[in-house]
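Single-structure report; data block below.
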Amino acid sequence: MLTVATLLWDANARSLPFSKMYDETWVNRLYAGFRRHLTDPFRFVCFTDRPRVFKAGIDQERISAAVPDYGTCIEPYKLGEPMILVGLDTLVVGNIDHLRDFCLQSDIIGLPRDPYKLSRACNGVALVPAGKQDVFKAHRGENDMEWMRRQPHVFIDDIFKGHVVSYKGSVQKNGVRDARIIYFHGWPKFHQMLDDPLIKEHWRDDDL
């Protein structure tokens, strides 16, 4: 079974300004997006710094760091499960069964190309096969982006062209097109875009 993982911790001195608005609402709406666009059962887990109240269907794993920082984003790899790992500022906008299948069948991690430097990876979304616990075990607090660039990987863009895209690097200029997952980074964030049809359609909690 696929695991979908994300992280939530209370903002601290290590948090950048664009990370300070996240709360349980973001987790609930992210889960709803995956639930709409995966046809088979999956596990959804949020790594968090303290016990939270989430909607039914969301599991919790305690973050090990006393003071989380962006390096904490490597921690979900310790699960060793087939996994799609995303940030809270992610929209799922189309069927992603094929991305699930990649995680279940591949033996190498899939990462997007950095929208600002296409020759290297970013970790806005990670498609992770089983057995990648060593990514976490060998991590010693390095910057999460740089750490993932050092791991063996393939580019999602080359396998599923246009299906996993940056909002600022692609959607703002070209529209949604055939995107299935849109990852955001920096500004803007969804709460600043509530009148945008993209946000209205895809950032919602189906149970509300």
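Search the structure for amide H atoms under 5 Å from the amide H of PHE44, placed 1.01 Å from N in the peptide plane, and list their residues when 5 or more places away or on another chain.
Answer set, sorted by chain and number: VAL4, ASP59.
What is the stretch 31-159's relative contact order, in percent, from Cα pairs under 8 angstrom and six or more apart in sequence?
Here the relative contact order equals 26 percent.
Provide ASP89, ASP107 in ascending order of the number of other Cβ atoms located within 10 Å of each residue's Cβ, fewest first. Show your work: numbers first, answer last.
On the way: ASP89 24, ASP107 9.
Final ranking by Cβ density, sparse to dense: ASP107, ASP89.
Tell me which lysines have Cα within less than 29 Å of LYS132's Cα, excluding those fewer than 8 residues away on the same chain?
Leaving aside lysines fewer than 8 places away in the same chain, those within reach of LYS132 are LYS55, LYS78, LYS117, LYS161.
Would you kindly derive the ³J(HN,Hα) couplings of the stretch 130-136 from the backbone phi angles with the Karplus curve 6.51 cos²θ - 1.76 cosθ + 1.60 (θ = phi - 60°), listing them in order in whole Hz, with x for Gly and Pro?
Residue by residue, the stretch 130-136 yields 5, x, 9, 4, 5, 4, 7 Hz.
Would you tally the net charge around PHE34, using a Cβ to Cβ cut-off of less than 12 Å, leaving PHE34 out, and scoring K and R as +1, D and E as -1? Present the calculation step by step, with values, prior to reporting the outcome.
Working: positive: ARG29, ARG35, ARG36, ARG43, ARG100, ARG180; negative: ASP40, ASP97, ASP206.
The answer is +3.
Taking N as the number of residues in the stretch 13-63, what is its Cα Rg relative to 2.2 N^0.38 Å?
Numbers: Rg = 12.4 Å, N = 51, 2.2 N^0.38 = 9.8 Å.
Against the empirical 2.2 N^0.38 Å value, I get 1.27 for the stretch 13-63.
Starting from the Cα of ASP158, step 7 Å along the direction of its Cβ; do the same at VAL53; then give the gap between the two resulting points in nm.
Spacing of the two 7 Å Cα→Cβ label points: 4.8 nm.
Give the shape of the stretch 115-158 as rounded, prolate or oblate, defined through the alpha-carbon gyration tensor: a ≥ b ≥ c are the square roots of its eigenvalues, a/c under 1.5 means rounded, and otherwise the shape is prolate if a/b is larger than b/c and oblate if not. Don't skip to the answer; put the middle values down first.
On the way: a/c = 2.51, a/b = 1.38, b/c = 1.82.
Oblate shape, in that a/c is at least 1.5 and b/c is the bigger or equal ratio.
Within 15 Å, Cβ to Cβ, of GLY169, how many net charges do the neighbouring residues add up to if Lys/Arg are +1 and Asp/Glu are -1?
+4
Among the DSSP beta bridges whose two residues both lie in the chain, what percent are antiparallel, rounded to the nearest 5?
Values: 10 of 31 bridges.
Of the beta bridges lying entirely in the chain, close to 30 percent run antiparallel.
For ASP114, enumerate residues with amide H under 5 Å from its amide H, sequence gap 5+ or separate chain, H modeled in the peptide plane.
Result for ASP114 returns ARG120, ALA121, CYS122.
Does the stretch 88-147 come out rounded, prolate or oblate by the C-alpha gyration tensor, with a ≥ b ≥ c the root eigenvalues, rounded set by a/c under 1.5 and, if not, prolate when a/b is larger than b/c and oblate if not? Working shown, then result.
Values: a/c = 1.82, a/b = 1.16, b/c = 1.57.
Oblate shape, in that a/c is at least 1.5 and b/c is the bigger or equal ratio.
Considering all projection directions equally, how large on average is the shadow of the alpha-carbon convex hull of the chain, in square nanometres? Write down the numbers at each step before the final one.
Working: hull surface 43.3 nm².
Over all viewing directions, the chain projects a mean Cα-hull area of 10.8 nm².
Under the rule a/c < 1.5 gives rounded, and otherwise a/b versus b/c splits prolate from oblate, where does the stretch 135-190 land using the Cα gyration tensor? List each step's numbers first, then the result.
Details: a/c = 3.40, a/b = 1.66, b/c = 2.04.
Because a/c hits 1.5 or more and a/b fails to exceed b/c, the stretch 135-190 counts as oblate.
How charged is the neighbourhood of LEU198? Take every other residue with its Cβ under 15 Å from the Cβ of LEU198, and add Lys/Arg as +1 and Asp/Glu as -1. Each step should come with its number before you reach the end.
Numbers: positive: ARG29, ARG36, LYS168, LYS173, ARG177, ARG180, LYS189, LYS200, ARG204; negative: ASP89, ASP178, ASP195, ASP196, GLU201.
Net charge in that neighbourhood comes out at +4.
Computed from the coordinates by the stated procedures, all read-outs in this text should not be read as laboratory data. Since the model is a prediction, treat every value here as computed from it, not as a measurement. Don't worry about glycine lacking a Cβ; one is built from the backbone with ideal geometry, like all the others, and counts go over all protein chains shown.
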